[in-house]
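Beneath this line is the structure, given in structure tokens, with notes to follow.
The values are calculated or read from the model by the stated rules, or taken from the named source; none is laboratory data. Note that the structure is predicted; figures quoted are calculated from it, not measured. Cβ atoms come from the backbone with ideal geometry, glycine included; neighbour counts cover every protein chain shown. Just so you know, the surface numbers come from the protein's heavy atoms only, side chains and all, with ligands and any DNA or RNA stripped out. Shrake-Rupley method; radii C 1.70, N 1.55, O 1.52, S 1.80 Å.
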Amino acid sequence: MTTSPAAAPPRIALHPDRLLPPDPATRSVARELYAAVRDLPIVSPHGHVPARWLADDVPFPDPTALLITPDHYLTRLLHARGVPLTDLGVGGDEGHPAPPDPARSRAAFRLLCRHWPAFRGTPVKLWLEQVLVEVLGVDLVPSEATADDLYDAVAARVAEPGFRPRALYERFRIDVLATTDDPCDDLRHHAALRDDPAWRGRVVPTFRPDRYLEAGEPGWPDRLDALAEASGADTGTLAGWVDAMQRRRASFAEHGAVSADHGHRDARMAPLDPADGERLYARARAGRATAAEAEALRQGLLFEMARMSSEDGLVMTLHPGVRRDHHAPSRERLGTDIGADIPVPVEFTEALRPVLHAFGTNPRFRLVVFTIDETTFSRELAPLAGFYPSLYVGAPWWFLDAPDAMDRYRAAVTETAGFAKTSGFVDDTRAYLSIPARHDVARRADAAYLARLVTAHRLTLEEALETARDLVTTLPRKAFRL
Amino acid sequence: MTTSPAAAPPRIALHPDRLLPPDPATRSVARELYAAVRDLPIVSPHGHVPARWLADDVPFPDPTALLITPDHYLTRLLHARGVPLTDLGVGGDEGHPAPPDPARSRAAFRLLCRHWPAFRGTPVKLWLEQVLVEVLGVDLVPSEATADDLYDAVAARVAEPGFRPRALYERFRIDVLATTDDPCDDLRHHAALRDDPAWRGRVVPTFRPDRYLEAGEPGWPDRLDALAEASGADTGTLAGWVDAMQRRRASFAEHGAVSADHGHRDARMAPLDPADGERLYARARAGRATAAEAEALRQGLLFEMARMSSEDGLVMTLHPGVRRDHHAPSRERLGTDIGADIPVPVEFTEALRPVLHAFGTNPRFRLVVFTIDETTFSRELAPLAGFYPSLYVGAPWWFLDAPDAMDRYRAAVTETAGFAKTSGFVDDTRAYLSIPARHDVARRADAAYLARLVTAHRLTLEEALETARDLVTTLPRKAFRL
Amino acid sequence: MTTSPAAAPPRIALHPDRLLPPDPATRSVARELYAAVRDLPIVSPHGHVPARWLADDVPFPDPTALLITPDHYLTRLLHARGVPLTDLGVGGDEGHPAPPDPARSRAAFRLLCRHWPAFRGTPVKLWLEQVLVEVLGVDLVPSEATADDLYDAVAARVAEPGFRPRALYERFRIDVLATTDDPCDDLRHHAALRDDPAWRGRVVPTFRPDRYLEAGEPGWPDRLDALAEASGADTGTLAGWVDAMQRRRASFAEHGAVSADHGHRDARMAPLDPADGERLYARARAGRATAAEAEALRQGLLFEMARMSSEDGLVMTLHPGVRRDHHAPSRERLGTDIGADIPVPVEFTEALRPVLHAFGTNPRFRLVVFTIDETTFSRELAPLAGFYPSLYVGAPWWFLDAPDAMDRYRAAVTETAGFAKTSGFVDDTRAYLSIPARHDVARRADAAYLARLVTAHRLTLEEALETARDLVTTLPRKAFRL
């Protein structure tokens, strides 16, 4: 591709009104609402940034490791265009890999730039454009022609001290950032941050015990051995498992955790009769549980988790309804968690009955439910949150973390449950640089929704302003007990 | 909370354009459409106002008994904010209770006012603001500061003769109002109204036999005894049950009933082989039916109801897909029907096949199907109503009785089934004062939807005007045979 | 109905801006986008026009046979209004019937005109108005008063040589038109067109083998006999069935076919163990398969079809999730395929796992999935298409082939899968005259959606223009390998 020397490459223009409603009167209201929240600090109560990045303040190795490899939203769409995941660095240690082969990184970056039109209409385009312009100060539109210049510009920027994780934490005005951690994690990076006099931020762990509840998954007994070692409790019995989990939760709480997160295939949980539970647990521990027994045990263990939340006050969050690692061949080759998870229909009304009977009106219990099955917003989650004091509707998650989906979420939830029983935005990301852009998109989307209520004379401007501020300040703090 | 003496409390301003579309050209069309229907009489073919209120023209006891206790929409959201239902009077005789303790009523009213911001974005806010301003002539914005003044103002207004049920019936321009009644009800209040020369309205009963079809529910045999007594038929056999129901339906029809309403967990109904049916019925009557048998019997009895509708011409309405009394502890403490019903997914295409095979093209049969599972509008109900002459899609019900949900309903149904196979608006309420506000919201929402079709040049203004009028006049009369 | 002589009957006015967004700035962008695609040739990769019409260039017999009888969208809504299907000519040979009774045709046309208001808000109104004005040059608004004049005007027009199928093909600027054909079809009309030096269009067959996969349907063994004869392979064994299908697919490919279409009740397909498969096949061939076995066999045969697609490169398209011939009495009286098909919920995430494991990243395999269950767009299809290179999301189909539904489709799919993994518009129609109108509605709807992205500053105008053109040119060609 050749361009005449006079033709300047196109530049990204971030319009200040992006995502605001088209009608001029409504847009004017939306501008005012957005202006009131644009610069408020970021509360990020659920995400996947590793604490080590901030504890060690490690520099980012290169543009691909920074922007592409850790971001499933990007890698899956490139894969859908025929790009092999391995060409994007997926399948290695994505936490913070050793500096990769520069040529491979550059080649991966070129692939992103070549396929850039495939991201039109997706939030990836919104986020990455904002990251390039506002965070990295680079405004070239990605394309085959600009790929190398863009790569070099980002690489140069990332090498500057101002682009280390701690400097960005300050610059992003992050108030609190939650990580997601294994129950056996010793949380030393969180402890290091806590004990570091030079650190003024707040990074809290989140207890994520999924793999210790799935007796049907390979490796479960080994995990329980590790749990025993980490907790000092004997996981040979169900009572011991409960004891171990309680100890680890207490340790997480001591390190600042406010929530425990759970992501299983469905949302069912139900109490086990103690004797049955021990018997089932023993069978599973011995590797002799049937699939149905493993499933019953998982439901019982999840119910135990809810009971613990009702006692230790860690907010219980659910992210159910996903077939993890849908493509078995990729899982075999590249491992789990490579952006190949696909949603399935999910049911809440019956699934949550036992836990809501037990703890639904218990003021110590708080349950925040996320879903990718939009049908449940108006049919199940908003009605449940509109009755049970303990239940909150989580923000649009994953595939729904995008402007149109956010508008559908508010439209589906608000008329039945109002705003006060929703969680506030959750970025849920491991793409550290995109955190401000993601919160910004959510703030714009909420401003757009609220502005429509004002123009329809359903809210006064004052009511809308107060609500817009609540959505980014008091609401996430309340839902997550921050 | 203190306010300076100069600060006047905020007032509710009901904007004449509320709920109309923001685009100026579309809003202008919507205004014209709305103006054409705003003052047309109210046809309310399905609701829960007791006939006794009108027969005896009983004054409302106090603001809480009038506005809060009977309105699940209000009480459930307050409960979701942590307010105990008993603090709101829920759980007693909510029909028209004896004058409650004035201090408790005032305290309940304060709770509503304190939590008023929780209703932002919900239709409760729209309805109650309109009730306060247009019906009660009070325009204080509810808040802790205004609670007592508001309570006193409403109490004073309610004590006036012009706020008795009959005076309001006239003032609301209600043309016909359907109640919902037990098959054993002697309908004496309906008879009293019919025989009262001073009464010029039309209040018709609706046959609601759910509890006589659920053989799996406790107390079912006792109910059949009561049915035997009320009907004079022996309910010891299935044939007798059918006979009893037919007699009670005939009595309802004599008292003006035009429809029979049914609300079970799903929409399935299927004919029973006569011999099998008697055997099943006998087992259930003896309390020996399994859950599956009770379910099969219920489907058979519901099919019998459809058959009766195809003969006596009472319109059959379905309100399926709800887990009633979801929170068992509240049910144990406060009884049924306390606003804790939660929707479940529902299926119509297969469930309705048998009844549509039998009566789907029978001109005497009419079936109006309501749902809270929005997914069924475009997938099942509109396609069914777009083929079967007997089937109508019911208006958005319950959690969907709100402006955005109404818009989604029209958008999901109209392209497949047009307007002519929809039921017209149904308020379904026991909150008597809110009836005009609820119909007004529906008229505004339909005007908004139709205006968008005009601006998109899908309808001419004349077509839209005719349709808007049909939706509040000929359509509900046709769907409900009024 | 009498009208004064001075009152001219109302005329249809096709507004140039129809279906474009109401906001003036957005409409202006939409106009520009629409103008860029309005006159581009029509790519119709899936439809139901018989090849014989074009091969023989047969004149259309009369207005009813042209506009009413073959169009299920029309006949089903008239049936829903109480019009017997037989009054509309449904149930006969609808391909191109012998000239019917003129009096009956005229009577059917009057029924359409009388019930014309029932089509308000449906796409039928849009299509038929455009057909009348733009194709037939008649602008009378259908009504009882205009029925006969309209009939006569259409009849006169249809008799002109310019209204023969070939002349219309040219006038409609059709680039390629796919038909839908039985595997046993000898495709002689396609061959005749190919060999006709006077023919410059492109009409390609589509392989549609549903009835040869459904061992549970009556007549299945007879069909396999016919397949044996058509293919020259022995269908006595599963291996023979596969051989026969491969031969027929090869013949279709030789005649220009690019895709094989499949429409079963659900989307499940799974490989059969070869020995089990032969055993199952033999049992089914002998008429001794249970319903569950017939279902397992169907899933296995469909998987074989996918395997064949991965080898011969015919694009596999799925149209699942429909209860065919829902009304059994009408089926008995009038036969199948009379517009009485009703959607059911459908599941893709689990159903498609086996085929995506086998071929999901195989560049030779292409799977285009259509659905009428809108819930699957954001929950399942867009996530699947956003990961698997082989999978494309089909355009809104059937009941969703309408402006609002198209907007919901784009909103549900784009944020997760972008534009590049969608199929482009598919008219899926046997109503030949309506093909340009249907594509026009789709182009307008896409222009409207894209314009909103531009006004929200999510796309630049240049990006939107390029995307709009792609949607009607490169995308359908790529998805269907044209």
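Here is how the numbers come out for the structure above:
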{"item": "List of the stretch C:104-141 residues, accessible area with partners at least 20 Å² below that of the chain alone (1.4 Å probe)", "result": "C:A118, C:R120, C:G121, C:T122, C:K125, C:L126"}
{"item": "Shortest-first distances to equivalent copies, position A:A226, nm, label 7 Å out along Cβ", "result": "6.0, 6.0"}
{"item": "Listed residue (B:G339, C:V258, B:L67) projecting farthest to the positive dipole end of the protein assembly as shown, Cβ model", "result": "B:L67"}
{"item": "Sulfur and carbon atoms: percent of accessible area, the stretch C:61-163 [1.4 Å]", "result": "52 percent"}
{"item": "Proximal charge balance of A:R11 [Cβ under 13 Å; K/R count +1, D/E count -1]", "result": "-4"}
{"item": "Net lengthening on full extension, A:R247/A:E32 (0.36 nm per residue, minus Cα-Cα)", "result": "72.6 nm"}
{"item": "Test item: B:405-417 mean partner chain Cβ contacts at 10 Å", "result": "5"}
{"item": "On Cα atoms only, tilt of B:238-254 relative to the major axis of chain B in degrees", "result": "40 degrees"}
{"item": "Accessible surface, per residue, of the protein assembly as shown when the full set of protein chains is kept, probe 1.4 Å, Å²", "result": "34 Å²"}
{"item": "Computed accessible area, C:I42, all protein chains, 1.4 angstrom probe, square angstrom", "result": "10 Å²"}
{"item": "Calculated [θ] (222 nm, deg cm²/dmol) that DSSP helices of n ≥ 4 give over chain B, each run adding -39,500 (n - 2.57)", "result": "-13500 deg cm²/dmol"}
{"item": "Loop-located trypsin sites (Lys or Arg not before Pro) in the stretch B:229-297, at most 14 other Cβ atoms within 10 Å (DSSP)", "result": "B:R288"}
{"item": "Share, in percent, of DSSP beta bridges within chain B that are antiparallel, nearest 5", "result": "15 percent"}
{"item": "Within the accessible area of the stretch A:178-480 (1.4 Å probe), percent carbon and sulfur", "result": "51 percent"}
{"item": "Net +/- balance of residues flanking C:F348 in space, Cβ distance below 12 Å, scoring K and R +1, D and E -1", "result": "-1"}
{"item": "DSSP-loop trypsin sites (Lys or Arg not before Pro) across the stretch B:1-72, with at most 15 other Cβ within 10 angstrom", "result": "B:R38"}
{"item": "Gyration tensor verdict on the protein assembly as shown (Cα atoms; rounded if a/c is under 1.5, prolate if a/b is larger than b/c, oblate otherwise)", "result": "rounded"}
{"item": "With Cα atoms, 0 to 90° folded angle of helix B:435-455 axis to chain B main axis", "result": "90 degrees"}
{"item": "Between helix B:147-158 and chain B: long-axis angle, C-alpha atoms, 0 to 90°, nearest 10", "result": "70 degrees"}
{"item": "Chain-alone versus full-assembly comparison, the stretch C:13-29, residues with accessible loss of at least 20 Å² (1.4 Å probe)", "result": "C:H15, C:R18, C:L19, C:P22, C:D23, C:R27"}
{"item": "Pairwise burial B:C, computed as accessible area of each alone minus the pair, summed, 1.4 Å, Å²", "result": "3700 Å²"}
{"item": "Long-range HN-HN contacts of C:H262 with modeled amide H, under 5 Å", "result": "C:T317, C:L318, C:H319"}
{"item": "J(HN,Hα) series, the stretch C:294-308, from Karplus relation 6.51 cos²θ - 1.76 cosθ + 1.60, nearest Hz, glycine and proline x", "result": "4, 5, 4, 5, 4, 4, x, 5, 5, 4, 4, 4, 4, 4, 4"}
{"item": "Extension gain, B:A239 back to B:R283 (0.36 nm per residue minus Cα-Cα distance, nm)", "result": "14.4 nm"}
{"item": "Set of lysines with alpha-carbon distance to B:K478 below 27 Å, sequence-local pairs under 8 removed", "result": "B:K421, C:K125"}
{"item": "Note, ³J(HN,Hα) from phi for the stretch C:264-280, Karplus 6.51, -1.76, 1.60, rounded to Hz, x at Gly and Pro", "result": "10, 5, 9, 9, 5, 8, 7, x, 8, 4, x, 5, 4, x, 4, 5, 4"}
{"item": "Amide H contacts under 5 Å for B:I174, placed H, 5+ residues apart", "result": "B:I42"}
{"item": "Karplus-derived 3J(HN,Hα), 6.51/-1.76/1.60, for each residue of the stretch A:350-364, Hz, glycine and proline x", "result": "7, 4, 8, 4, x, 6, 6, 4, 6, 10, x, 10, 7, x, 7"}
{"item": "Cβ-defined net charge surrounding B:T26, 12 Å radius [Lys, Arg +1; Asp, Glu -1]", "result": "-1"}
{"item": "Interface residues, the stretch C:318-335 - accessible area loss of 50 Å² or more versus chain alone, probe 1.4 Å", "result": "C:R323, C:H326, C:H327"}
{"item": "Inter-centroid distance (Cα atoms) of the stretch B:385-441 relative to the stretch B:169-188, Å", "result": "20 Å"}
